[in-house]
Amino acid sequence: MAKKSLVTGITGQDGSYLAELLLEKGCQVYGLIRRSSNEPTDRIQHLLDKIQLLDGDLTDQSSLDQAIQTSQPDEVYNLAAQSFVPTSWNQPVLTADVTGLGVVRLLESLRKYKPNAKFYQASSSEMFGKVKETPQKETTPFHPRSPYGVAKVYAHYITINYRESYDLFACSGICFNHESPRRGLEFVTRKITHTAAQIKLGKAKELSLGNLEAARDWGFAGDYVQAMWLMLQQEKPEDYVIATGKAHTVREVVEIAFDEIGLPWKKYVKNDKKLYRPAEVDYLLGDSTKAQQKLHWKPETSFEKLIRMMVKHDLKIVQQETTYPLPALKE
């Protein structure tokens, strides 16, 4: 009998790649989706006849209870969150409710209605914040520097607490930044590649950015969902750092993107102090040794290939004036 998998956040970047992977693995896929007037399904449009969508919201306990009872999942992947860091300063309470308390609600539903299901929590490198050591690994202390990071720390520890308190198979993937052509336009990598494409095609004149020297460990989302799946195939639940082990600055993203379109970046990129974070996270670099050894996982897509892939994608969609065409999982 096919495994049943429930994915929250299925309409997002990671959710769409994970849904593709789960279908490849022969799973019956359910996706939790909020009912609203503008909920986008563009990223999963090609999957709608292969998956089943359920109404639900991480802020509403009864809808989560209903989703678990209806789907009776063998695996639950919680990818839903208020996930844009700058927004978390403007909406800290909402971020705490969705990104933090939403995980408790989901775990409570599992505890009550499907305690034998395996649970994956999408933790974040933003939990490390003002880093205590470099590179960061599973044992590195957390020092979050945003309401989003704080909410993710709570979600991470409550997942551990339910694992230890109720013997649930509950684990977290501490994923460092991962991008793709399906990344939201509000995130810096996609902002860069999309605006570069607009500049190339005469639809924009400049690109405004904040801290060009902020460094992140950037990987490809299609690679990272493989690690998520592998975590739930293990005999016992453990937490893992998922990262490439290589850090790059925002400036490097800009240099590769503008090299791909054949234009000098310094002519078009403007520094805007208003785009700096109130509390910056300057340098994130992950150590995924544990995942490589225990899960036999490693990233397949290089940083340069990733950025060039995103620019090529954005050149096509700016030309077509459409949003989110859906490339294959492996590109």
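Data overview
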item: Choice from Lys305, Lys114, Lys130 showing the highest fluctuation, given a GNM over the chain with Cα pairs closer than 10 Å; result: Lys305
item: Sparse-neighbour loop sites [trypsin sites (Lys or Arg not before Pro); segment 191-226; at most 16 other C-beta within 10 Å; DSSP]; result: Lys203, Lys205
item: Helix 147-166 axis, angle to the chain major axis (alpha carbon atoms, nearest 10°); result: 20 degrees
item: Extension gain, Lys274 back to Glu108 (0.36 nm per residue minus Cα-Cα distance, nm); result: 55.7 nm
item: Local net charge near Lys3, Cβ-Cβ under 14 Å (Lys/Arg +1, Asp/Glu -1); result: +1
item: Segment 9-62 - Debye-derived log10 I(q)/I(0), Cα point model, q = 0.18, 0.21, 0.31 Å⁻¹; result: -0.57, -0.75, -1.36
item: Acute angle (nearest 10 degrees) that the helix 303-320 long axis makes with the longest principal axis of the chain, alpha-carbon atoms; result: 80 degrees
item: Gain upon complete extension [Thr87, Lys246; 0.36 nm per residue less C-alpha separation]; result: 54.6 nm
item: Principal-axis tilt of helix 250-261 within the chain, Cα atoms, nearest 10 degrees; result: 60 degrees
item: Rounded Å value of the spacing that divides the Cα centres of segment 35-91 and segment 289-324; result: 23 Å
item: Residue of Glu252, Glu20, Glu133 that the Gaussian network model of the chain assigns the largest fluctuation, springs spanning Cα pairs under 10 Å; result: Glu133
item: Förster-model FRET efficiency, 30 Å R0, Phe187 and Gln69, C-beta, rounded to 0.05; result: 0.30
item: For segment 167-176, 3J(HN,Hα) per residue [Karplus equation, 6.51 cos²θ - 1.76 cosθ + 1.60, θ = phi - 60°, Hz, x = Gly/Pro]; result: 6, 6, 7, 10, 9, 10, x, 7, 8, 7
item: Rg over Rh [alpha-carbon atoms, Kirkwood Rh] for segment 97-186; result: 1.01
item: Leu201 paired with Met1, simple spin-label distance in nm, labels 7 Å along Cα-to-beta-carbon; result: 4.9 nm
item: Distance (nanometres) between label positions extended 7 Å along Cα→Cβ at His46 and Ser165; result: 4.2 nm
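Laboratory data are not the source of any read-out in this text; all were calculated from the coordinates shown. As the structure is a computational prediction, the values presented were derived from the model and not from experiment. Virtual Cβ from ideal backbone geometry, glycine too; neighbours counted across all protein chains shown.
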